[in-house]
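Trainee: Below: one structure in structure tokens.
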Amino acid sequence: MFDKVLTLTENVLMAVTFFTITMVAFVNVVARYVFSASLSFTGELIVNLAVLLTLVGASAATRMGSHPGFSLLRDSLRGGRRMAVALVICAAMFAFYAVFCWLGLDMVQKQAASGRLTPALGFPQWIFSLALPFGALLGGIRTVQIAVIELRGGQALVGEESEAIEAAEAVRAEYAEPPVAAAGRSGETTRPAGAPRTAGHEQGESQP
């Protein structure tokens, strides 16, 4: 239930933020080139919303395991060694998100104490800066979820190299035992498709 609520929150925030950025940029372009009136606040709003979109998107990418990285070593391991490498990765990711969240909160507190306002809109700057610790908190939660899945024997961290290795193993298993060899071990007499049945074939098939 918690995972569904968190996923819904991420998806809604990304959709609404991206839609707002698109519409604000479109309105600014129309106002500038059609009415020769530039809206100065649009650039400020777009930049701050882009920060929120990027950090929430980073959390969603952590959930889906789609962050770019070199995963050949991890994906080529199995069992306990793979789990150990995955847990080291999760620990490094959680440390990064924790430091990012701490620095974001420190910046929010300083901006709130100084009463800093945004230049165009005149909003308190700390409101927009809350996107930094909020996105880092979401990423940290997703990292803990990945670590729990790996501890339970699942594979939450799956890269392109893992998919390539699995595809290669499937092809190798498919062609490891040719049909002719399997038929030879079973003692059956093979004949080309469409060839007429001869007395030799009938006699060989009738023998035990």
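FYI, it's all coordinate maths here, none of it is from the lab. The shown structure was predicted, so the numbers you read here are calculated from the model rather than taken from an experiment. Note that we place each Cβ from the backbone using ideal geometry, even for glycine, and neighbour counts take in every protein chain shown.
Trainee: Give me, ordered by chain and number, the residues 5 or more places off L117 or on other chains with an amide H under 5 Å from its own placed amide H.
Mentor: The answer is Q125.
Trainee: What order do you get for V56, V51 when you list them from fewest to most C-beta neighbours inside 10 Å?
Mentor: V51, V56
Trainee: By how many nm would the segment from A25 to E174 grow when fully extended, if each residue of separation counts as 0.36 nm and the alpha-carbon distance is taken off? Numbers along the way, then the final one.
Mentor: Working: separation 149, 0.36 × 149 = 53.64 nm, distance 5.33 nm.
Computed gain between A25 and E174 is 48.3 nm.
Trainee: With a sphere of radius 10 Å drawn around the Cβ of W126, what net charge do the other residues whose Cβ falls strictly inside it have (Lys, Arg +1; Asp, Glu -1)?
Mentor: Here the charged neighbours net out to +2.
Trainee: Tell me, what ³J(HN,Hα) does each residue in region 80-97 have, in order and in whole Hz, if you take phi through Karplus 6.51 cos²θ - 1.76 cosθ + 1.60 with θ = phi - 60° and put x for Gly and Pro?
Mentor: x, 5, 5, 4, 4, 5, 5, 5, 5, 4, 5, 5, 5, 5, 5, 5, 4, 5
Trainee: For region 112-118, in order, what is each residue's ³J(HN,Hα) by Karplus, 6.51 cos²θ - 1.76 cosθ + 1.60 with θ = phi - 60°, in whole Hz (x at glycine and Pro)?
Mentor: Those phi angles translate into 5, 5, 7, x, 5, 10, 6 Hz.
Trainee: Next up: Which Cα, out of A60, N11, Q125, lies furthest along the positive dipole direction of region 1-150 (beta carbon charges, K/R +1, D/E -1)?
Mentor: Positive-end residue among those listed: A60.
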